[in-house]
Structure formats: C-alpha cells, structure tokens
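Encoded as structure tokens, the structure appears first; notes follow it.
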Amino acid sequence: MLRHPLIQSLLTLKGNPRACVYTEPLFVIPYFLYIPYASIYMLALGLSDQQVGLITSIGMGCQVFTALIGGAITDKFGRRMTTFVSDLVSWSIPALILVLAQNIWYFLAAAILNSFWRISSISWTCLMVEDAKPEQIIPIWTWVYIAGLIAAFFAPLSGKLVEITGLATAARWLYFFALVTMTIKFIVLFVYSTETQRGRERLLETRSQSLFKLFSEYHGVAGQILRAPQTLLTMGLLIVIGIGASINGTFWGILVTQKLKIPPEHIALFPLARSLVMLAMFFLITPRLSSKPFHRPMIAGFAGIILSQLLLIAMPAQNYFLLVISAILEASSIALVNPLVDSLLVFTVDPGERARINAILYVFIFLFTSPFGWIAGTLSGYNRTLPFVLNLALYAIGMALAWQVGRTKAWKGA
C-alpha cells in the first residue's frame, strides 16, 4: 500500500504543498459535517425556499467583488498572510454567527462575510502550487479532495447528533466545532508555511504600488484571458461545475427531506456513501489519468452526473436504494471531473500572473453563477425537482465543453 503512487506522492511532499495538504482535514472535516444541514437549518429557523436561494445569490454576488480584489491583495500582502487573515474573516467569524443564528439577518451576514473565502482561495492555491513540481499538481489536488472525504467517516455522528438533539441544536454544535477546528487549522498553516518564491517577487514588485494601481492593471490581464481559448474553456467548465455544485449543495437536502421524505437524521449516511466511492476512485482511477487525454474522463464524468440527476428527479419517495445509486453515480463522476478541471486551471494560467488571472477568472465565473441561487430557489418554490432539471442542461453544456478541450490545438492530447 505504501508503494501506491498516490501514497508516495503524499509522503514526498515538502514545504508549502505539504503544509497545505496536511492541514486540510482540519478544515474539510467540519465543513462536510455541517454542509448537508446548512439549507435545512435555515428552513428550521423559519426561512422559505426563496429566502434560502436569495441568500445563496447574495453570497455569490459578493464573491464577484471579493474575487476581483483577491488577486491584488494576494500580490500586495503575500500569499501566506492573505490566506491567514481572509480565512479567519470568511470562515471563523461566520461560523460564530451561525452558532448564534436566529433569523434571516444572521444568515445574510454570515453569507456576506463568507464571500471573502474567494480571497483566501486565490492566495491558498498560489501558496500550495507555486513551489510544487508540475508532476505533483494532479496528486496534490487529488489529496485535497481526499482530505474532504475523510469527513465521511464522521458523518454518521452528525446524523446521530441531529437525532438526539434536534436539527437546530445539532447544527449549532456543528458550527461551533467548525469554529474551533478551522481556526486551529488557519493558525497551524500560518506557522508551518512560508511565502512562495513568486510571492516574494510580487511583494517586492508591488511594494511601492497602491492597491488602486494594481486594480488599474487588471484590464491587461483580462485581455490576456480573452485571447487564450484554453483558459476560456477552463472558465466555462468551472462555471458549469460551480453552478451545479451550488444547486446540489443548497437544494439536495431540501429535495431529499421535503419531497423524497427521507428523515433528516438519515441524510448524513449519503455523504458517507459518496465519500467511500470517491476514495475508491481516487486510489484506483485517478493515478492512471495523468497519462490519459484529459477530455475523455471528463466527458464520462459529466455523463455520469447527468444520469445521477435523472435518477434524483424520477425516483419515488423513500426509495433509499435509488437514492444511494444516484449518490454513487454522482460521487464517482465528480471524482473524475473536479481534479482534472482544477489541474487544467493550473496548467493554462501564466505562472507570473497567477494571482490576478485567477482573480479575474473568478469574477467572470461569479458574474455568470451568482443569479443561479435565486433562480434555483424560485424553481424549487414551484417544484423541488426543477433545480435538478436545470442541472441536466448545465452538465450537458459541461460535456460539450469537455469534448471541445480535446479539439483545442493548445491541448492536443488533453
């Protein structure tokens, strides 16, 4: 087992990649424990489907702004310091607010502050990959996803907590656990990481420049993106994945508990099933992908997600078997698609302008994705399967984009 290439890639990580990957479980375990209950926690405190969707859209709209400023802030203040401060603002403080939540205003405040995670996403990605070797990129992203799957083995505990204390009380405890554990992670990562080589260069280059000056240079970087077809294709894939993940993350729990009549204490079992499948995929399939054209597994992955959404729409109430099959299909397909798209983003971005290009990319992405929380919430108000009908169309577009990746000259063999 220790000779498995994925295990070897983990054991040989050094410096910032190791600090980022090794500390990631402290973030993703609490995140994946509370996220299945996030939307139904809002319902439990009296919010409507439309209000849940509105909060999601407002949060995503704020992410347009935070993504825009994230690249300049990352260059001006460094990858390491930016990650530390923005992580505290976007995760620790919102977790505290949600522990104390009473009405829509608490959730709105938490969503707005949480939008600053787009700044830390840019700086943390730079911190993790800029000093890594090219052959380490796919394994690094794979281990980031595997870290999230570790939470699956704790998922039944959150379901038991809901059963014992009730949904609202359990959610408060889960958010409190997130507050403590995530804050520890942010401190440990800050202590054991160092500024990247490119980060030190950008600190020197921007030392005498104001943030406003850095923002004014964005138009040239935006032109660079628009002239690169491979970057535009990657952006399209990220838009599809982002909207689909937002719809699933927000409305899956609502559909399952309200329409399919699955008790809330049981839904924690489905992240467990998903995670076990994704772990198997990461260890058995992903190590073989680095030598394969990228577009083929991505097309297969999008096809699997479409099938999982069709099952979710068509299945009768309380059909645990079909719900498990849908979850397995979705998990195995996401395990194919997500690490490859993240790796494409690393390979297609100019390393010298990684922070600002990523910032502008995420602005474009959120300009497209931010309305879909409200759209999906409105659709769910009419019929709780309609957000997933929307997903069918989105993932079909994703399949077409993945096919186009294989036809793009810059990616021949991708």
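The values are calculated or read from the model by the stated rules, or taken from the named source; none is laboratory data. Owing to the predicted nature of the structure, the values given are computational and were not obtained by experimental measurement. With ideal geometry, Cβ positions are generated from the backbone for all residues, glycine too; neighbour counts draw on all protein chains shown.
Data for the structure
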| item | result |
| --- | --- |
| Whichever residue in the stretch 163-205 is within 15 Å of Ser90 (Cα to Cα) and aliphatic (A, V, I, L, M) and, among such residues, is surrounded by the most Cβ atoms within 10 Å (Cβ to Cβ) | Ala178 |
| Candidate set from the stretch 106-133 (those that are free of Cβ contacts under 8 Å to residues at least 24 places away in the same chain and more than 14 Å from Tyr41 (Cα to Cα)); member that is surrounded by the most Cβ atoms within 10 Å (Cβ to Cβ) | Ala109 |
| Selection within the stretch 364-399 - over 19 Å from the mean Cα position of the chain (by Cα), polar (S, T, N, Q) and surrounded by 21 or more Cβ atoms within 10 Å (Cβ to Cβ) | Ser380 |
| Hits in the stretch 206-231 (condition: part of a helix (DSSP H, G or I) and surrounded by 14 or more Cβ atoms within 10 Å (Cβ to Cβ)) | Leu211, Leu214, Phe215, Tyr218, Val221, Ala222, Gln224, Ile225, Pro229, Gln230, Thr231 |
| The stretch 336-359, residues that are surrounded by fewer than 23 Cβ atoms within 10 Å (Cβ to Cβ) and farther than 21 Å from Thr142 by Cα | Asp350, Gly352, Glu353 |
| Filter result for Ala178 (touching a Pro at 6+ places or on another chain (Cβ under 8 Å), in a helix (DSSP H, G or I), free of Cβ contacts under 8 Å to residues at least 24 places away in the same chain and closer than 18 Å to Leu45 by Cβ) | no |
| Test: residue in the stretch 110-122 that is modelled with pLDDT under 95, under 28 Å from Ile73 (Cβ atoms) and touching a Lys or Arg at 6+ places or on another chain (Cβ under 9 Å) | yes |
| Residue within the stretch 132-139 that is over 16 Å from the mean Cα position of the chain (by Cα) and not in a helix (DSSP H, G or I) present | yes |
| Residue among Gly61, Gly46, Gly53, Gly78 that alone is surrounded by fewer than 24 Cβ atoms within 10 Å (Cβ to Cβ), small (Gly, Ala, Ser) and modelled with pLDDT under 85 | Gly61 |
| Flag for Ile184 being within 26 Å of Leu386 (Cβ to Cβ) and either hydrophobic (A, V, I, L, M, F, W, C) or at pLDDT 90 or above (or both) | no |
| Unmet requirement for Val324, which otherwise passes all of (1) part of a helix (DSSP H, G or I); (2) modelled with pLDDT under 85 | (2) |
| Number of the condition not met by Gln318 [criteria: (1) under 18 Å from the mean Cα position of the chain (by Cα); (2) at positive phi] | (1) |
| Ile164 being assigned to a helix (DSSP H, G or I), at pLDDT 90 or above and over 26 Å from the mean Cα position of the chain (by Cα) | yes |
| Out of Ile243, Ile254, sole residue that is at negative phi, out of contact with any Asp or Glu (no Cβ under 7 Å at 6 or more places or on another chain), assigned to a helix (DSSP H, G or I) and in contact (Cβ under 8 Å) with a residue 24 or more places away in the chain | Ile243 |
| Candidates Thr257, Thr194, Thr234, filtered to the one that is more than 25 Å from Val389 (Cβ to Cβ), touching a helix residue (DSSP H, G or I) at 6+ places or on another chain (Cβ under 6 Å) and of a type in the set (S, T, N, Q) | Thr234 |
| Lone qualifier among Thr183, Thr196, Thr142 - being more than 26 Å from Gln8 (Cα to Cα) and of a type outside the set (A, V, I, L, M, F, W, C) | Thr183 |
| Flag for Ala132 being closer than 15 Å to Thr23 by Cα, at pLDDT below 90 and touching a Pro at 6+ places or on another chain (Cβ under 8 Å) | no |
